[in-house]
Amino acid sequence: MANIRFGAFLAPHHLPGESLGLQIQRDLDLVEKMDKLGFDEFWCGEHHSTGWETIASPEMFLAAAAQRTGRIKLGTGVLSLPYHHPFNVAQRIVQLDHMSQGRVLLGTGPGALASDAHTMGIDPIVLRDRQDEALGVLKKLLAGADRFSYECEWFTLNDARLQILPLQRTIPMATASMISPSGMTLAGKYGDGVLSVGSMSDAGLASLPLQWSFAEESAAKHGQTVDRANWRVLFNWHIAETREKAFEEVEHGLLRWHNEYVVDTLQRPGVPKFDSTRKAIDALAFAEGSAMVIGTPDDLIERVLEMEKVTGGYGAAIGFVNDFASPANTSKSWDMVARYVIPEVNGQLDSMRESNIFVRENREYFERAGQAILNKINENERAAEAFNSAESGATPIASPNAPASPAAAGD
């Protein structure tokens, strides 16, 4: 089985009341850290309202991140296509691909916030159809198609062709999928990957076992293929040495995020407020099949592997960047994921454990090595006397020209 890749998804969801500039710098520091820790992907979203999600241009953020990093893939997670002329999107993504030396991932969506669409005067009913329409045009442009014209109710192209093509022969693309089949169906239509952001809600989790079938059916209908390796499932985690410590650390912001953002700002129907962080943890992190983990590396390992069974297999576990804990404890959480979770999930520690067990359980094979050293010691009268004195607890007086121990002599 192929390794599960690991990455991060920055909406961002930052607690209001802090310096925006410092938040952005902290987010850039996180990308740099994750690059050094060996994470595979970093996604950054586009939002224009709520006061919690404050990055309006993921391309600008990722361009800065590209200058600080060297290997991690950088994805728009996601660009809301109905808000943009497709030609401008294509131009910006191509430039970003060159600036990042071919590390761009293009994630697209219809736009997650009704408040954004309202501000721009776009009827939410048309968002998904417009994403579909824009994707078809984007595909042609990024593939270097001959000049073509296109006209619809919301944009026009005249003799369009990109003057600069992507550095990557094909820019990997992914479509946001929430609860409805539309995201998966669109991914199948174009043979793209999927970002399952719907795993962040109960309804989205309930639909996950069926979701991939929608992509496969749509791909077959349109003569495309889809690969589970390009399916990315979002988790929301905070990791510490013990569960108790993790619970204590998320007192910083978990309850505020749930009550002030999910309930008060998004006003999701049927979602209750909680009067304590512990009640929020019990309801959100310990519900059956939850994609939220507040606990230890072992807890996250179990949940990531459990999700593999639930979905039938996926390619990447993407952690939601949150402000549940302080910046220092959040940074430490990502560090622990890299140190303990990633190698365990992908079986990188199995051979080392087997080697240790073999050495401990087969000591008879190695006794001759010790006997060989002892034989050489006994061949030298002074060495034997010093060794025997040390064994009996005495401290021998070594000759100025004699080694202090067999180890110092090279044995």
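A few comments on the model shown:
- Residues that are surrounded by fewer than 20 Cβ atoms within 10 Å (Cβ to Cβ), in contact (Cβ under 8 Å) with a residue 60 or more places away in the chain and part of a loop (DSSP other than H, G, I, E, B) within the range 212-240 comprise just one, 227.
- Of all residues in the range 270-284, none satisfies the criterion of being in contact with a Phe, Trp or Tyr (Cβ under 9 Å, 6 or more places away or on another chain) and in a loop (DSSP other than H, G, I, E, B).
- Being over 20 Å from residue 296 (Cβ atoms) and modelled with pLDDT under 95 holds for only one residue in 212, 231, and it is 212.
- Flag for residue 149 being crowded, with 19+ Cβ neighbours inside 10 Å, among the polar types (S, T, N, Q) and more than 13 Å from residue 80 (Cβ to Cβ): no
- Taking each residue of the range 54-66 that is of a type in the set (S, T, N, Q) and looking for partners that are at pLDDT below 95 and surrounded by 20 or more Cβ atoms within 10 Å (Cβ to Cβ) with beta-carbon atoms closer than 9 Å, six or more apart or interchain, yields 54/12; 54/14.
- Listed here are the helices (runs of 4 or more DSSP H) enclosed by the range 297-411 that have at least 2 residues being modelled with pLDDT of 95 or more and under 18 Å from the mean Cα position of the chain (by Cα): 297-311, 327-336, 342-345.
- Taken together, the residues in the range 111-140 that are in contact with a helix residue (DSSP H, G or I) (Cβ under 7 Å, 6 or more places away or on another chain) and not in a helix (DSSP H, G or I) amount to 3.
Every residue, every condition in (1) surrounded by fewer than 14 Cβ atoms within 10 Å (Cβ to Cβ); (2) touching a Gly at 6+ places or on another chain (Cβ under 8 Å); (3) free of Cβ contacts under 8 Å to residues at least 60 places away in the same chain, yes or no:
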residue	(1), (2), (3)
273	yes, no, yes
286	yes, no, yes
310	no, yes, no
313	no, no, no
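- Residues being among the acidic types (Asp, Glu), touching a residue at least 40 places away in the same chain (Cβ under 8 Å), part of a loop (DSSP other than H, G, I, E, B) and within 29 Å of residue 139 (Cα to Cα) are entirely absent from the range 82-105.
- Strands (runs of 3 or more DSSP E) contained in the range 153-202 and holding at least 2 residues under 15 Å from residue 89 (Cα atoms): 156-160, 173-177
- Filter result (among the aromatic types (Phe, Trp, Tyr) and under 24 Å from residue 228 (Cβ atoms)) within the range 1-54: 6, 9, 39, 42, 43
- Given (1) modelled with pLDDT of 95 or more; (2) farther than 18 Å from residue 239 by Cα, index of the condition residue 281 fails: (2)
- Listed by first and then second residue, the pairs with beta-carbon distance under 8 Å, at least 6 apart or on different chains, first residue in the range 317-332 and within 17 Å of residue 20 (Cα to Cα), second basic (Lys, Arg) and assigned to a helix (DSSP H, G or I), are 327/26.
The values are calculated or read from the model by the stated rules, or taken from the named source; none is laboratory data. Bear in mind that the values here come from a model prediction, so they are computed numbers and not experimental data. Every residue, glycine as well, gets a Cβ built from its backbone with ideal geometry; the counts of neighbours run over all protein chains shown.
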